[in-house]
Amino acid sequence: MVASHPAGAEATEVATTPSREGPELFGIESPLGHIDYRAGRGLHLGATTLTIGGYTTADAERLEDGSSRGGLDVNFFLSADPVSFLHLFSEIEVGELVDWEGGGRPHVSPQLKVERMYGDASWSDGANLRFGKFLLPFGRWNQVLADPLLWTTSEPLIVEEVFHEEVTGAMLWGNVFPGGETLSYALYGSFLDRAVSEPEHDGVGARLEWTGRTGVSVGASYLASKRTDGAWNHLGGVDAFWQPHERVELSGEALVGEGAHADGGQWGLYAQAVVETIPTVYLVGRYERFNPPAGGRGIDLFDLGVTWVPTYYLRFKVDYRFADELDDLSAPGLRASFSVLF
Amino acid sequence: MGRRFLALVVVLVLVAPASRAEEPRRVAVIVHPTRQAELSPEMLTQIYLRRKRFWDDGTPIVPLNLEAGAALREVFSRVVLHQSEPRLAEYWNRQYFYGVLPPATLASTKAVLRYVAADPNAVGYLPAGEVDDTVRVVLRLD
């Protein structure tokens, strides 16, 4: 990625070839340049700029209704920066690599899915164009949809139920730095969804996010999407993230929607607190409220869990979801997972 | 349900320990002598978090870090990035999810000096006492 730049005759005494961050577990010189693997940061193929990495998650759950299941998924990342103004990225999921339900025997039924595939063309910090399939920039949680990055095994209902996770289209995005703080914007359209037979996901949207010097961050998102009957859904949301202390993280999101796929409006929110109680062990609590469309009953959920992060690329999670109903949406019970970023 | 959550937040905040104090050290932030840009501490933060990726003339910024565990890097992380190394690792995990990697590292401050002296796009840091006239100091951190 970065070439060696020896300066002067004394350069031979000091290695001036930068290395990638992280402990090198494997490294070899090749005609492609230095090929190395770093834990949690992928395999980098020298001068090709190609990096291959990803994550894997094994999870299991036993719910209060008596059901149980488990599985193993693997997601691969491929990224490359062939020139300084172009960044290519793809995430490919091999889902349900191993899967089991109830007392049944595990079965292997791998399913391949391209989760994301896009290119970013950059002219400056403030003007970048993303083209392809990418995560919908609505709210905060939906932009880090990977088990090794999350504190609980389950997603909040407002992330899981209300909008489609991905967009296939284009997005203009960028960062500006008023007063040394960060203002990020994104304007996107999902017009290419037609090409992948998902016309119900056609839509346009915008997101604005401000991150202060102290780490406080607030965001606002809007999405208008076309229903199959030609009418439009409108969804608006706000979100926030705050680290009042190095060991404390507070976050939350709220959204409200009109004209959802079913009739009527919907709204919901979640608030989450994470505290490092002893080094590498985090206590996590999350409250959720979700009022589904079509006059569905409002749901209150509370998740309480423990996450152990022995090192930055490993994550063990155990959490329990409490709910006042035993329906499929609430799904209270015990969940656990183990994730490796590779 | 709501009251239970509020009670949990209060308890969690109360059990969190107080911050540790850090001894300040004098750090010089350096660029190539031909690079006329001035950097504020806030802009340096954006560069090392790779939110700001381009110099004003449109060329890509090459930020250089020392290797993990280096004492000067820990000072730099706290003073400039305002985060501990584990918190930064969380941040870089989220960036890795988009194929964005942390700044490249060099094994010594001598190597940083040599590299920055040779690359007009680079920015690095080293103890103020090690600076010579092959680079330009754009910021001093106490």
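This table checks each residue for (1) surrounded by 22 or more Cβ atoms within 10 Å (Cβ to Cβ); (2) touching a residue at least 40 places away in the same chain (Cβ under 8 Å); (3) not in a strand (DSSP E or B).
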position	(1), (2), (3)
A:241	no, yes, no
A:256	no, no, no
A:270	yes, yes, no
A:285	yes, no, no
A:302	no, no, no
A:306	no, no, no
A:310	no, no, yes
A:317	yes, yes, no
A:321	yes, yes, no
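Check whether at least one residue in the stretch B:82-96 is over 28 Å from residue A:116 (Cβ atoms) and not in a helix (DSSP H, G or I), and report yes or no. Full working, then the answer.
Step one: filter the stretch B:82-96 for residues over 28 Å from residue A:116 (Cβ atoms), giving B:82, B:84-85.
Add one more test, that the residue is not in a helix (DSSP H, G or I), and what stays is B:82, B:84.
Checked the stretch B:82-96: at least one residue is over 28 Å from residue A:116 (Cβ atoms) and not in a helix (DSSP H, G or I).
What's the total number of residues in the stretch A:135-163 that are assigned to a loop (DSSP other than H, G, I, E, B) and not hydroxyl-bearing (Ser, Thr, Tyr)?
Total meeting the criteria: 15.
Does residue A:109 satisfy the condition of being outside any strand (DSSP E or B) and more than 30 Å from residue A:322 (Cα to Cα)?
yes
Would you mind telling me which numbered condition in (1) surrounded by fewer than 17 Cβ atoms within 10 Å (Cβ to Cβ); (2) more than 13 Å from chain B (Cβ to nearest Cβ); (3) outside any strand (DSSP E or B) residue A:187 fails?
(3)
What number goes with the only condition from (1) in contact with a Lys or Arg (Cβ under 7 Å, 6 or more places away or on another chain); (2) among the charged types (D, E, K, R); (3) more than 7 Å from chain A (Cβ to nearest Cβ) that residue B:42 does not pass?
The number of the failed condition is (3).
All but one of (1) of a type outside the set (Ser, Thr, Tyr); (2) within 19 Å of residue A:23 (Cα to Cα); (3) more than 10 Å from chain A (Cβ to nearest Cβ); (4) in contact (Cβ under 8 Å) with a residue 60 or more places away in the chain hold for residue B:66; which doesn't?
For residue B:66, the failing item is (4).
Only one residue in A:330, A:339 is of a type in the set (S, T, N, Q), buried (at least 16 other Cβ atoms within 10 Å of the Cβ) and not in a loop (DSSP other than H, G, I, E, B), so which one is that?
On the way: A:330 fails: not in a loop (DSSP other than H, G, I, E, B).
From the options A:330, A:339, the qualifying one is A:339.
Taking the stretch A:310-342 as the search range and keeping residues that are in contact with a Ser or Thr (Cβ under 6 Å, 6 or more places away or on another chain) and of a type in the set (A, V, I, L, M, F, W, C), which one is farthest from residue A:21 (Cα to Cα)?
Within the stretch A:310-342, the match that is farthest from residue A:21 (Cα to Cα) is A:323.
Scan the stretch B:104-129 for residues that are within 7 Å of chain A (Cβ to nearest Cβ) and in a loop (DSSP other than H, G, I, E, B) and report the count.
Number satisfying all stated conditions: 3.
Search the stretch A:18-32 for residues being touching a His at 6+ places or on another chain (Cβ under 8 Å) and either among the polar types (S, T, N, Q) or not in a loop (DSSP other than H, G, I, E, B) (or both), and hand back the single one that is surrounded by the most Cβ atoms within 10 Å (Cβ to Cβ).
Within the stretch A:18-32, the match that is surrounded by the most Cβ atoms within 10 Å (Cβ to Cβ) is A:27.
For residue B:23, only one of the following conditions fails: (1) in a loop (DSSP other than H, G, I, E, B); (2) surrounded by fewer than 19 Cβ atoms within 10 Å (Cβ to Cβ); (3) at pLDDT 55 or above. What is its number?
(3)
For the stretch A:50-91, enumerate the residues that are surrounded by fewer than 17 Cβ atoms within 10 Å (Cβ to Cβ) and within 13 Å of chain B (Cβ to nearest Cβ).
Within the stretch A:50-91, A:52, A:82, A:83, A:84, A:85, A:86 meet the criteria.
Here are A:121, A:170: which of them is in a strand (DSSP E or B), away from every other protein chain (no Cβ under 14 Å) and more than 30 Å from residue A:72 (Cβ to Cβ)?
Just one listed residue meets the conditions, A:170.
The values are calculated or read from the model by the stated rules, or taken from the named source; none is laboratory data. The structure displayed is predicted, hence computed values, not measured ones. All Cβ positions, even for glycine, are placed from backbone atoms using ideal geometry, and neighbour counts span all protein chains on display.
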